[in-house]
Each structure stands twice: as structure tokens, then as C-alpha cells.
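Chemist: After the C-alpha cells below, expect a handful of questions from me.
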Amino acid sequence: MKWAVLQFPGSNCDQDLIHVLRSVMGKDAAYLWHKERSLGDAEVVLVPGGFSYGDYLRCGAIARFSPVMKAVGEFASRGGFVMGICNGFQILCEAGLLPGCLIRNRELRFVCREVALRVENAGLPFTGRMKPGQVLRMPVAHGEGNYFADAETLARMERGGQVVFRYCDGTNPNGSLGDIAGVCNERGNVMGLMPHPERAAEPILGSADGRLIFEGLADAVRARRAARLSGD
Amino acid sequence: MGKIPDDARVTPELVASHGLTPEEYRLILDILGREPTITELGIFSVMWSEHCSYKSSRPELKKFPTDGPSVMVRAGEENAGVIDIGDGWAVSFKIESHNHPSAVEPFQGAATGVGGILRDIFTMGARPVLLADSLRFGDIRGKSRKAAENRRLLKGVVGGIAHYGNCIGVPTVAGEIAFDDSYSGNPLVNVFCLGILRHDQIRLGKATGEGNPVFYVGAKTGRDGLAGAAFASRDLTEESKEDRPAVQVGDPFREKLLLEACLELFEHAESIVGVQDMGAAGLTCSTCETASRGHSGIEIDLDLVPQREEAMTAYELMLSESQERMLIIARRGHEETVRRIFAKWDLDAVEIGRVTGDGLMRVRHLGRVVAEIPARRLAEEAPVYHRPARAPVGGAERYDYLKFPEPKDLEGALLKMLEAPTVASKRWVYDQYDHMVRAGTVVLPGSDAAVVRVPTDPPGDLPPVGGRSFKYLAVTTDCNGAHCALDPHEGGKLAVAEAARNLACSGARPIGVTDNLNFGNPQRPEIFWQLRRAVEGMAEGCRAFGVPVTGGNVSLYNESPAGAVDPTPVVGMVGIIDDPAHITTQCFKAAGDAVILLGGAGGGLGGSLYAMEILGRRLGPCPGVDLAFERATHEGLLEIIRRGWVRSAHDCSEGGLGVALAECCISGPGAPVGAQIDLAFAEAPLGRRDEVLFNEASGRIVASVPEGHLREALSLLMGRGVPACRIGRTGGDVLKIGFSGGRLSWSVARLRDAWAGALGRVLRG
């Protein structure tokens with residue numbers, strides 16, 4: 001297993017991620033149960049959307065205590081690629097692997113619809129197949145996707161290229177600060193985003209733009225393997 | 001009803017307060033050969049409630065066609081029917097109502113309706129892959145208290161459906177919502193679920209094999225939902241609010257765990273004998289029904305049941321409708337498999353009893369036997385009532401619409417129709433539902449039917465690397481209550497025809513029907529007549545289209561102090577699309593296509609939404625339907641779709657041709673596409689322009705075809721006896737409709753604004 005898709009109680013986009021990785025892209029991907037303490041030979045860790053622990057207490061607040069999250073933290077600190085989608089983004093924020101937090105949508109309602117995303121940082125493993133300013137279309141589906149961070153953090157993130165995606169064309173669905181849809185950590189190896197690239201990876205579903213993220217990650221994994229072989 | 005101690009004596013007052021008649025009580029004495037205990041009285045009262053026993057509707061339901069070459073599990077045999085879809089795969093689907101709970105507590109009432117129907121489906125061994133909802137409310141417009149209350153109910157119900165469906169990760173992809181004041185105070189909340197399974201995954205609700213262990217799995221039992229089935233079998237009154245404890249509280253997270261644990265356990269076929277969800281009448285229904293189906297007995301000890309409240313009586317434990325619980329009959333020697341899998345999902349799995357050979361449902365509590373009832377007689381021998389039926393005196397009201405002058409401003413009339421909540425875009429609603437999770441929704445909500453692809457993988461934990469094979473399913477729910485109120489027989493046929501038409505417009509052929517019969521108090525002969533006539537009409541419709549009814553639900557006593565709801569026999573229909581290239585949606589795709597009308601100009605304004613909205617009253621008669629002609633039209637449309645000649649197809653329903661044309665222009669995801677239409681041909685036979693635009697005659701479809709295929713498409717249709725003609729061409733940013741005396745014209749941006757924003761504007765108000 002090179003691509004690990006975490007499974008928490010209440011995850012519900014795990015099967016969609018596995019579908020895209022295995023059936024659409026032909027990758028060696030499998031589920032990793034939240035009670036596991038080791039990531040095995042995983043090269044990428046994906047934290048799927050859903051309602052881990054029913055979103056009780058606060059989205060992602062309980063999942064971060066699952067045994068697997070300690071391993072994910074260590075993996076990230078060694079530079080491993082970690083991506084959280086929707087509830088996965090919330091979990092990574094709660095776990096302190098990403099800055100800021102996600103609060104109730106401004107309209108106080110769940111929202112499921114397609115949005116437009118502008119690529120703000122095309123220099124990441126997740127965005128290597130994109131151009132700066134490129135606009136991608138993919139759906140959101142969340143009740144708590146309103147990104148928030150204090151002014152100082154936000155300024156530091158903007159300077160450091162940590163804002164990866166912004167809602168554009170007036171499609172901000174949740175009142176997110178600065179139209180932020182996706183962010184990364186300072187090192188650029190951990191990313192979270194509210195939109196669902198796994199639901200936009202095939203033309204029959206209306207958009208294949210999401211596939212660019214997974215293809216970029218695959219490139220980065222290949223580059224890292226090559227570097228390791230050549231002894232860098 | 002206050003708390004009843006377990007050693008209470010059964011008095012005539014208690015019998016009456018349990019909704020049992022003296023005759024029913026005599027039958028109980030006969031079955032038991034002695035007086036019942038209070039626990040037994042409670043058990044009989046819920047099992048023999050209308051909700052569980054179908055005692056009024058059962059003779060009518062026998063009129064439905066339930067057989068067909070693809071039927072694998074028939075209606076009534078199990079929690080839900082199963083239909084073969086080929087290649088070793090099958091679908092299980094069903095619709096169920098949660099009307100009464102939603103009237104009293106809309107959020108939880110609707111949420112637990114979703115939870116209940118999901119359990120019905122995964123109990124069959126199927127993985128739920130989509131949900132749909134058919135909802136009815138009173139008018140939500142205006143400043144009246146009644147309208148405000150209807151808005152509150154709508155918001156609560158939508159919020160509850162979203163809460164449950166979104167969390168469990170099953171997309172809510174289809175449905176309809178209609179508004180009429182007959183539903184004020186008694187909204188209808190009908191929830192549909194479909195699951196997929198391999199043929200070898202079908203699980204049945206049977207307790208067989210003497211000595212096999214009976215497991216209780218899932219959430220703990222509390223006092224919520226006590227005797228909800230009996231509650232659902234009464235009229236709603238001002239005092240119904242006091243029945244709030246009869247409304248259950250749902251926990252979709254717990255249900256998600258239960259779903260995954262059950263499906264994981266079901267892969268161990270050798271460990272499982274039978275499965276039954278605890279829905280209406282909870283432990284009572286699940287134990288006696290599994291024993292009855294297995295021709296066996298069952299014995300349980302209530303002291304072992306996981307409980308979350310203290311000092312619960314046997315009566316309360318047996319009648320609780322706490323959610324997210326299942327009964328599993330395992331094979332002796334395989335107990336560890338059950339315990340291990342449920343422990344993985346952090347759920348209780350407790351052996352509470354065993355299968356016996358004596359045919360009795362025996363319940364122990366605190367060391368005593370508190371109930372001992374022949375299971376089969378309890379489950380199968382509920383009294384059946386042949387209720388008197390009587391047509392209302394004088395029949396449906398008939399008006400000559402010509403007595404109502406045609407409005408001068410027909411352009412304004414169309415805009416007003418598009419703003420009517422029944423017609424307006426439901427995006428405000430379905431935006432709140434996750435309708436894309438499972439990455440399979442190919443046609444999103446807002447077209448005639450939703451289309452979902454479902455994977456058909458070989459057995460295994462992971463899908464194959466590389467190409468995956470799919471089947472494409474289309475789903476719709478339909479019923480026009482106004483039509484049924486005017487003529488339940490034609491209305492029943494029309495509901496089936498409209499559902500089939502919606503599927504045809506999506507490129508699908510129908511494979512099965514599930515029905516939800518929503519009516520008033522069946523003890524009133526006029527109401528029972530509506531039920532009977534509607535069922536007969538639906539049965540005729542199903543026969544005409546060759547589709548079996550695979551199960552459904554009956555909801556009676558839908559009455560508020562103001563009277564009964566319009567008869568609303570909702571049809572949920574499932575279709576299959578043989579090739580994804582045939583998937584068709586309702587919106588015009590590009591400029592320059594020919595617009596054609598199948599099925600002719602129609603006529604009459606009876607039963608029309610236009611009469612209600614613009615002329616200000618409900619007019620009869622109900623439009624009629626010729627089922628053979630309707631079927632020929634659908635098959636003709638499907639044939640030109642299969643040949644690749646169709647860009648869009650949309651059925652004419654509420655609001656007739658005028659609304660259908662507007663929706664073709666404005667309901668697509670991109671910029672609206674205008675059209676130039678000429679309807680002068682229809683004026684001479686019909687007479688009035690409003691009749692041409694807004695009549696709701698059935699069997700009519702607006703399609704767009706590339707000009708290059710126009711001639712062959714029309715000749716194919718005419719060759720099959722389907723009236724079809726070119727009525728215009730797509731393009732531009734205006735919808736123009738020409739008549740002999742001039743033409744009507746609307747900017748498509750204006751039409752879209754009226755239609756897309758109407759619901760949000762009303763609900764913010």
C-alpha cells in the first residue's frame with residue numbers, strides 16, 4: 001500500500017477516494033483503520049471527508065485522538081505527504097498539522113454545490129500539475145467550512161504561500177476568510193481543502209479537474225523515489 | 001398515557017386506550033386462552049396497529065402486480081423487495097412515510113424517517129446508494145400564522161433529512177415537493193432508499209434452527225418512540241404535541257457504524273441465519289416477525305437488553321422505538337464472529353435469547369415470563385377489515401373554465417407560475433443535501449429523474465485497480481395530489497405514468513415501483529373509497545408499463561382538525577439505462593436545435609396548477625390518461641434517444657407546456673438557452689392561449705433534437721403512432737411563444753430569476 005486512505009468511525013468519502021485512486025488512476029491504494037499505530041509503507045496519507053465521530057463535540061475534534069493520528073504526525077514531521085479533504089481538513093487543523101480552523105458556514109446551512117477554485121500556489125506537491133491562477137471546478141459539501149485564523153496567522157500564511165486555493169467567481173459557499181478553500185503547512189507537505197477533488201475526477205461526474213491534485217501527488221512521489229534511489 | 005407498572009391489571013379502559021376494539025380484545029383472549037399481561041396487551045396493540053398490520057389496506061394492496069421475471073424478493077415477504085438488474089447484481093428499494101412524527105417534531109421526525117428506510121434496505125444485505133424524498137406541505141407564502149408554521153415545518157424537515165443523510169454518507173439525489181393547503185398541519189414526509197447487492201448477498205428476516213442465538217446489536221434502548229406505530233395510526237389533533245415522546249431521536253453516526261458493521265458481518269454468510277431491523281414496534285416486531293417467517297419460536301430475556309435509562313419496564317422495553325438497533329439471528333458456534341465485528345465498530349452485540357421450536361414468542365424480565373404469545377398468530381393474524389367505501393356524493397367538482405376569463409397578462413402569468421413553490425427551483429432544498437457523496441451522481445437533482453451509477457465489483461474489500469464496471473439507475477418519485485383529489489382512479493394511473501415518463505426522459509426503462517399511500521382516516525367511507533380507487537388506478541398503471549410493485553408503505557389517518565389531506569399515493573419508480581450514452585437531461589443544450597412536442601397539444605384546464613394559482617380555484621375534471629398511448633410515447637422517445645438523436649427531453653407536468661418550455665430554457669447548469677416557439681397550431685382545436693400553455697394533459701414531452709435528425713426522429717415517432725411535431729428552435733436569450741394573434745416573449749434571465757430565487761425569497765420572509 002503506497003496510498004493510505006484513513007478510516008475513522010463516520011468517515012464517508014473513504015470509498016470515493018479509493019475508487020479514484022485504484023479504479024480511475026490505477027494506484028496501489030488501501031484503507032487504513034484509525035486504530036492502527038503504523039502507516040506501514042505508505043508514501044501518501046489521505047484523510048477523507050465524512051462525519052468522523054458524528055462531528056460530535058466539534059468537527060474533527062475526537063478523530064485527532066485516534067491512534068493512527070500519532071503516526072500521521074510523525075510521518076508529516078519527516079516530510080511525508082498528507083492531504084485532508086473536507087472533514088479530513090478539519091481533522092488536520094484539530095491535530096495542529098495545519099493552521100486555523102473551520103467554523104459554521106455563514107448561512108448556518110449545509111451546502112452542496114459546485115464551486116470555482118483559483119490556484120494560489122502552484123509550487124506544491126499537490127499543485128504541481130497546475131498553473132498559478134488556474135481555475136478548477138469541483139463540488140463542496142459541508143456545514144462547517146468557513147475558514148478562520150487570527151490576523152497575524154493569516155498574514156504569515158499569505159506571505160508564506162500557505163493559501164493554496166481560493167473560491168473565485170463569487171462562489172464562496174461558506175463565508176470563509178479571504179475566500180480561502182485550501183491551505184498548507186509551512187513546509188508545504190501537508191494540505192487541507194474543503195472541496196472534494198475525488199468527486200471531480202471523471203468527466204461523467206461533470207468535472208475532471210480534481211484529478212490534477214492526485215496526478216501532482218503521484219509525480220511528487222515518483223520524484224522522491226527517484227531521489228532516494230540516486231542517494232540524494 | 002402515564003407509566004404503567006408491569007403487574008397492572010388489564011381493564012376495558014386500558015384496552016381502549018391501546019386502540020384495540022372489544023372484538024380485537026376477544027380475539028386476543030382466544031389466541032392466548034387467558035387474559036393478557038399488560039406487556040402482552042402493549043405487544044398486541046402495536047402489532048395490530050394500522051401501521052404494522054395494514055389491517056385496513058391489506059385487501060386493497062393485493063390488487064398490485066407483484067410478480068415479474070426479475071423479481072427476486074416479492075412485496076410483503078421481507079423488509080423490502082429485491083429486483084435483478086443483471087450480471088449477478090440486484091437492487092433493493094422501498095419508500096416509507098414519517099408523516100405523523102414530522103408534524104409534531106419536523107427535524108427528528110424526518111431524520112428518523114431517513115434512518116428507518118436505510119435500515120430496511122441494509123437489512124436485506126444491500127448497500128444503500130441513494131435516497132430520495134417526496135414531501136408535501138401547506139402553502140408557505142404570506143404572512144398568516146399558518147404559512148409561517150408551514151415554513152417552519154419545511155425548514156425542519158429539510159434540516160432533518162440533511163442531518164441524517166449527509167452524516168451517514170448516502171446521497172439524497174431526487175424527490176419532489178409540492179404545496180397545497182390540504183397538507184397544512186399534516187405534512188407528508190415520504191423517504192425512499194435504494195441499495196445494491198450481489199444475488200448471493202440477499203439476507204432474510206427469518207429465525208430458524210432451534211438453539212441458534214439471537215443477538216441484539218446497535219444502540220441501547222431508551223424510552224423514546226414508545227408505541228410510535230400506534231401513534232402513527234391515529235388522527236393528528238391539537239393534543240398530538242403531547243405525543244412528542246412517541247417521536248424518536250436519531251443518531252446517524254451510530255447508524256453509519258451499524259451499517260458498516262452489518263455489511264461486514266454479512267460477508268460471513270456462514271455465520272448468519274437471519275436479520276431484521278428494529279423499526280416500528282422495535283423488539284416486539286423484530287422478534288415475532290422473524291419467528292413467524294421461520295415457522296419457529298423465539299425466546300428473549302429483557303434483562304440482557306442494553307439499556308440507557310434506568311428501571312425500564314418490560315412494557316417499555318418491548319414497545320420502545322429507539323433508533324439504530326437490529327436483531328441478528330446467528331448460527332450457533334459463530335457468536336465470536338458477531339462479537340468481534342461489532343466490537344471493531346464500538347457497538348453493543350449482546351446475545352439476548354435463542355430460537356425455539358415451540359412457535360412461541362416468549363419474553364422474560366426480572367426472572368418472570370412477561371409475555372408468551374404464538375408468534376405466527378401475532379404477526380400474521382391481525383384482524384383484517386373490509387372497510388365500507390363510498391364515492392363522495394356528486395363526485396368531483398367540475399367547472400367550465402371558460403367561465404373564468406383569460407388573464408390579459410399571460411407573460412406575467414408564466415412568471416407567477418414559475419414562482420409558485422410547487423414549480424420553483426428546489427435548489428434551496430437540495431443544496432442542503434449532500435447529493436454527490438459516493439461519487440456516483442451522474443444527473444444531479446433538478447432534472448426529471450436523478451441518474452446514479454453503481455459499481456458492480458467482484459467480491460472483495462477493495463475495488464479493482466483499473467477499469468471498474470457500472471450500472472446506471474434512474475430514480476423518480478411522483479404524485480399529483482390535486483389530480484387524485486379530483487379522481488383518485490385517474491390520479492393513481494397518472495402518478496405511475498408521470499414516473500415512467502420522467503424515467504423515459506432520462507433515457508431509462510422502468511424496472512420496479514414502490515408506493516407510499518398517504519390518505520386520511522380509512523374508517524370514513526369516502527376516504528376508503530379514495531384509497532381503493534387510487535390503488536386500482538396505480539395497479540392498472542403498473543400493469544400497463546409491465547413493472548412490478550416491490551413493496552411500500554401505507555400511511556392513514558393523515559388528518560388535521562381542518563380535514564384529510566388530498567389523497568396522495570406516491571410512486572417511487574426505478575429505471576435502468578443500458579448505456580451511459582443514453583443519459584438525457586431536461587435542459588436545452590445549445591442554440592440551433594429543433595424543439596419537438598410529443599403527445600400533442602392536450603386540452604382542458606382541469607386539475608391544473610394554473611387554475612389554482614392564476615384562476616384562483618381548483619377546477620375539475622382530472623385529466624385522463626390513455627396508458628397504452630402513454631407507453632407507446634415513452635418507448636418512441638427511448639428509441640430516438642438510443643439512436644443518439646435527442647439532446648434534451650422534459651415531461652409536461654405541473655404548469656403544462658408553458659412551464660415545461662421555460663424549464664427547458666433555464667434549468668441547465670450553464671447560461672440559459674432561449675427558444676422561438678410557435679403554438680398557433682394548437683389554438684384552433686383548443687380555443688384559448690392559457691389552455692394551450694397550461695393544460696396538464698398527460699403523455700406530453702418536450703424534446704430538442706439536432707436539425708439534422710429532425711426528419712428521421714419525427715418519422716420514427718409518427719410510424720409508431722406517437723403524435724410528434726416541430727414547435728420551434730432553440731437559441732437566443734429570449735423565450736418567444738407565437739400565437740396567431742401575436743407572440744409572448746420573456747427574457748430567459750428574467751425567467752430564471754423568477755424560478756431560481758422564488759423558494760429562497762419565500763423562506764427568508
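Chemist: Kindly indicate whether A:LYS35 is open to solvent by 40 Å² or more (accessible area, probe 1.4 Å), within 12 Å of chain B (Cβ to nearest Cβ) and touching a strand residue (DSSP E or B) at 6+ places or on another chain (Cβ under 9 Å). Walk me through how you get there before you give the answer.
Modeler: Values: open to solvent by 40 Å² or more (accessible area, probe 1.4 Å): yes; within 12 Å of chain B (Cβ to nearest Cβ): yes; touching a strand residue (DSSP E or B) at 6+ places or on another chain (Cβ under 9 Å): no.
Against the criterion (open to solvent by 40 Å² or more (accessible area, probe 1.4 Å), within 12 Å of chain B (Cβ to nearest Cβ) and touching a strand residue (DSSP E or B) at 6+ places or on another chain (Cβ under 9 Å)), A:LYS35 does not qualify.
Chemist: Now for a different question. Please note which helices (runs of 4 or more DSSP H) are completely contained in segment B:405-504 and include at least 3 residues that are away from chain A (no Cβ under 14 Å), surrounded by fewer than 24 Cβ atoms within 10 Å (Cβ to Cβ) and not basic (Lys, Arg). Walk me through how you get there before you give the answer.
Modeler: Details: elements: B:410-419, B:427-430, B:481-486.
Filter on segment B:405-504 gives B:410-419.
Chemist: If you take the residues in segment A:1-14 that are more than 7 Å from every other protein chain (Cβ to nearest Cβ) and outside any strand (DSSP E or B), which one is farthest from B:ASP346 (Cα to Cα)?
Modeler: Initial filter on segment A:1-14 (more than 7 Å from every other protein chain (Cβ to nearest Cβ)): A:1-8, A:11, A:14.
Those still in the list that are outside any strand (DSSP E or B) too: A:1-2, A:8, A:14.
Working: A:MET1: 26, A:LYS2: 28, A:PHE8: 12, A:ASP14: 19 Å.
Top of the filtered list is A:LYS2.
Chemist: For a quick check of your reading: which helices (runs of 4 or more DSSP H) sit entirely within segment B:626-697 and have at least 1 residues that are of a type in the set (Gly, Ala, Ser) and away from chain A (no Cβ under 14 Å)? First the steps, then the outcome.
Modeler: Details: elements: B:627-642, B:656-666, B:680-686, B:689-694.
Where helices (runs of 4 or more DSSP H) fall fully within segment B:626-697 and carry at least 1 residues being of a type in the set (Gly, Ala, Ser) and away from chain A (no Cβ under 14 Å), they are B:627-642, B:656-666, B:680-686.
Chemist: Scan segment A:125-145 for residues that are away from every other protein chain (no Cβ under 14 Å) and touching a helix residue (DSSP H, G or I) at 6+ places or on another chain (Cβ under 8 Å) and jot them down.
Modeler: Step one: of segment A:125-145, the residues away from every other protein chain (no Cβ under 14 Å) are A:125-136.
Scanning segment A:125-145 gives A:PRO125, A:PHE126, A:THR127, A:GLY128, A:ARG129, A:MET130, A:LEU136.
Chemist: Which of the residues belonging to segment A:143-186 are of a type outside the set (A, V, I, L, M), free of Cβ contacts under 8 Å to residues at least 60 places away in the same chain and assigned to a strand (DSSP E or B)?
Modeler: Of everything in segment A:143-186, those that are of a type outside the set (A, V, I, L, M), free of Cβ contacts under 8 Å to residues at least 60 places away in the same chain and assigned to a strand (DSSP E or B) turn out to be A:ASN146, A:TYR147, A:PHE148, A:PHE165, A:ARG166, A:TYR167, A:CYS168.
Chemist: B:GLY125 - would you say it is assigned to a loop (DSSP other than H, G, I, E, B) and either over 14 Å from the mean Cα position of the chain (by Cα) or in contact (Cβ under 8 Å) with a residue 12 or more places away in the chain (or both)?
Modeler: Values: assigned to a loop (DSSP other than H, G, I, E, B): yes; either over 14 Å from the mean Cα position of the chain (by Cα) or in contact (Cβ under 8 Å) with a residue 12 or more places away in the chain (or both): yes.
Yes: the conditions hold for B:GLY125.
Chemist: Quick check on my filter: what residues within segment A:59-89 are assigned to a helix (DSSP H, G or I), among the polar types (S, T, N, Q) and either without any contact (Cβ under 8 Å) to a residue 60 or more places away in the chain or surrounded by fewer than 24 Cβ atoms within 10 Å (Cβ to Cβ) (or both)?
Modeler: Let us first name the residues in segment A:59-89 that are assigned to a helix (DSSP H, G or I), namely A:63-65, A:67-77, A:87-89.
Pick out the ones that are also among the polar types (S, T, N, Q) and you get A:77, A:87.
The answer is A:SER77, and nothing else.
Chemist: OK, next. For segment B:547-587, which positions are assigned to a loop (DSSP other than H, G, I, E, B) and under 20 Å from the mean Cα position of the chain (by Cα)? Talk me through it step by step, then tell me what you get.
Modeler: Applying the first criterion (assigned to a loop (DSSP other than H, G, I, E, B)) to segment B:547-587 yields B:547-548, B:556-558, B:561-562, B:565-567, B:578-579, B:583-587.
Correct list: B:VAL547, B:PRO548, B:LEU556, B:TYR557, B:ASN558, B:VAL565, B:ASP566, B:PRO567.
Chemist: Can B:ARG700 be described as among the basic types (Lys, Arg) and open to solvent by less than 20 Å² (accessible area, probe 1.4 Å)?
Modeler: Yes; evaluated as a whole, the condition is true for this residue.
Chemist: What tally of residues in segment A:108-124 results from selecting those that are outside any strand (DSSP E or B) and more than 14 Å from every other protein chain (Cβ to nearest Cβ)? Reasoning before the result, please.
Modeler: Applying the first criterion (outside any strand (DSSP E or B)) to segment A:108-124 yields A:108-110, A:120-124.
Remaining after also requiring more than 14 Å from every other protein chain (Cβ to nearest Cβ): A:120-124.
Final tally of qualifying residues: 5.
Chemist: If we keep just the residues of segment A:174-204 that are touching a Pro at 6+ places or on another chain (Cβ under 9 Å) and within 14 Å of another protein chain (Cβ to nearest Cβ), which is most open to solvent (accessible area, probe 1.4 Å)?
Modeler: A:ILE204
Chemist: Under the condition of being crowded, with 19+ Cβ neighbours inside 10 Å and in a loop (DSSP other than H, G, I, E, B), which residue from segment A:48-58 is nearest to the other protein chains (Cβ to nearest Cβ)? Write out each step before concluding.
Modeler: Pass one, segment A:48-58, residues crowded, with 19+ Cβ neighbours inside 10 Å: A:48-55.
When the remaining residues are screened for being in a loop (DSSP other than H, G, I, E, B), the result is A:48-49, A:51.
On the way: A:PRO48: 10, A:GLY49: 8, A:PHE51: 4 Å.
The qualifying residue nearest to the other protein chains (Cβ to nearest Cβ) is A:PHE51.
Chemist: Looking at segment B:510-528, which of its residues are in contact with a helix residue (DSSP H, G or I) (Cβ under 8 Å, 6 or more places away or on another chain) and part of a strand (DSSP E or B)?
Modeler: At the first step, the residues of segment B:510-528 found to be in contact with a helix residue (DSSP H, G or I) (Cβ under 8 Å, 6 or more places away or on another chain) are B:510, B:513, B:515, B:517-522.
Matches in segment B:510-528: B:PRO510, B:VAL513, B:ASP515, B:LEU517, B:ASN518.
Chemist: While we're on this one: Determine whether A:ARG22 is more than 8 Å from every other protein chain (Cβ to nearest Cβ) and either surrounded by fewer than 22 Cβ atoms within 10 Å (Cβ to Cβ) or not aliphatic (A, V, I, L, M) (or both).
Modeler: Values: more than 8 Å from every other protein chain (Cβ to nearest Cβ): no; either surrounded by fewer than 22 Cβ atoms within 10 Å (Cβ to Cβ) or not aliphatic (A, V, I, L, M) (or both): yes.
So A:ARG22 fails the test.
The values are calculated or read from the model by the stated rules, or taken from the named source; none is laboratory data. Given the structure is predicted, the values throughout are model-derived calculations rather than measurements. Because the Cβ atoms are built from the backbone with ideal geometry, glycine has one as well, and the counts that use them run over all protein chains shown. These accessible areas exclude ligands, DNA and RNA; they are computed on the full protein's heavy atoms, side chains included. Shrake-Rupley method; radii C 1.70, N 1.55, O 1.52, S 1.80 Å.
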